[in-house]
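Visitor: Next up is a structure, given as structure tokens.
Derivation of every value follows stated rules applied to the coordinates shown; laboratory data play no part. Keep in mind it's a predicted model, so treat the numbers as computed, not measured. With ideal geometry, Cβ positions are generated from the backbone for all residues, glycine too; neighbour counts draw on all protein chains shown.
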Amino acid sequence: MLHNLKTLITGLIIGLVIGLWFGVNIGKDQDLFANPFKDKSIQEKLLDSGGELLEKSGKAIKDKVNSN
């Protein structure tokens, strides 16, 4: 009985740690097995923000053209 309880608790803790690892990586749009504590380089941050800016400006132009 006690052995089963220890196994269950150990499995829950390991599952929680692995799930947290994968969840953080999914939230940061990284590979599942990447290091979730590693920060993106400045180049990667600029590329991400530049792509978002380009998408937003394209949508604004389309909305302006369609409203006229």
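Visitor: Answer yes or no as to whether V24 is touching a residue at least 12 places away in the same chain (Cβ under 8 Å) and assigned to a helix (DSSP H, G or I).
Guide: Taking the combined requirement at face value, the residue satisfies it.
Visitor: To continue, here is another question. Of everything in the stretch 1-30, what is under 12 Å from the mean Cα position of the chain (by Cα) and surrounded by 10 or more Cβ atoms within 10 Å (Cβ to Cβ)? Give them in sequence order.
Guide: Those that are under 12 Å from the mean Cα position of the chain (by Cα) and surrounded by 10 or more Cβ atoms within 10 Å (Cβ to Cβ): L20, W21, F22, G23, V24, N25, I26, K28, Q30.
Visitor: Do you know which residues across the stretch 32-68 are outside any helix (DSSP H, G or I) and either under 30 Å from W21 (Cβ atoms) or in contact with an Asp or Glu (Cβ under 8 Å, 6 or more places away or on another chain) (or both)?
Guide: L32, F33, A34, N35, P36, F37, K38, D39, K40, S41
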